[in-house]
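For reference, the structure is listed below as C-alpha cells.
What follows draws every value from the coordinates through simple rules; no lab data is involved. Since we're looking at a predicted model, the values are computed, not measured. Backbone-built Cβ (ideal geometry, glycine too); neighbour counts: all protein chains shown.
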Amino acid sequence: VRQLVKRKVAKSDSPLTASINLLLKGPDTTLSAERNLMSLIPAGTKLLSAKVQDGVAYLNFNEAFEINTYGVEGYIHQLEQIVYTATAFPTVSSVQFMIEGKKMDYLSEGVWIGSPLSRASF
C-alpha cells in the first residue's frame, strides 16, 4: 500500500534531485510516521542526473536500479515510488527512466520503461 510521506527538504536549486535523493535513502526510522514503512527501491541505487523538459523528468540511475529482489511487483512499485515523488512537482507530469545514461525498453521482463510513465501508468 502506497503511503504519502511529507518531509522538509532544504532549499536548493534542484528540489527534484533533492527529493529523489531523499527517497533513495529510504524511510527515516527515527520518525514514528515512517517507522513501519519500507522502500522497494533497490539498495545502492543512485541518481546520476536529472532534468525536466516539457513536463517530463529524465531521471538517470545507476545499474543498481535494475536489481530488485522482490520480483515484478517490486519493480513496479519502485517505479511507482519515483513517479509519485517526481510528479508532486507542478512542472513534472511524467518520468522517463534511464540506466547509466541509456534509455531502455524494459527494466525487467514485462516492466516497461521505454516511454515516460505518469501516475496513470499505475
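What the table below lists for this structure:
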read-out: Among Thr69, Thr87, Thr45: highest mean-square fluctuation, GNM of the chain, C-alpha pairs under 10 Å; value: Thr69
read-out: Farthest positive-ward along the chain dipole, Cα basis, beta-carbon charges - from Leu117, Phe89, Thr45; value: Phe89
read-out: Rounded FRET efficiency, nearest 0.05, which uses the C-beta distance separating Ile67 from Asn36 and R0 of 41 Å; value: 0.95
read-out: Where Cα atoms sit under 17 Å apart: lysine pairs in the chain separated by 8 or more or lying on different chains; value: 7
read-out: GNM top mover of Gln78, Gln53, Gln96 - the chain, alpha-carbon springs below 10 Å; value: Gln53
read-out: Test item: Cα-centred dipole of the chain, Lys/Arg +1 and Asp/Glu -1 on Cβ, debye; value: 520
read-out: Potential extension, Tyr84-Lys103 segment - 0.36 nm per residue separation minus Cα distance; value: 4.8 nm
read-out: Value of Rg to Rh for the chain (Rh from inverse mean 1/r over Cα pairs, i.e. Kirkwood); value: 0.93
read-out: Whole-angstrom gap from segment 89-122 to segment 16-74, using each part's C-alpha centre; value: 13
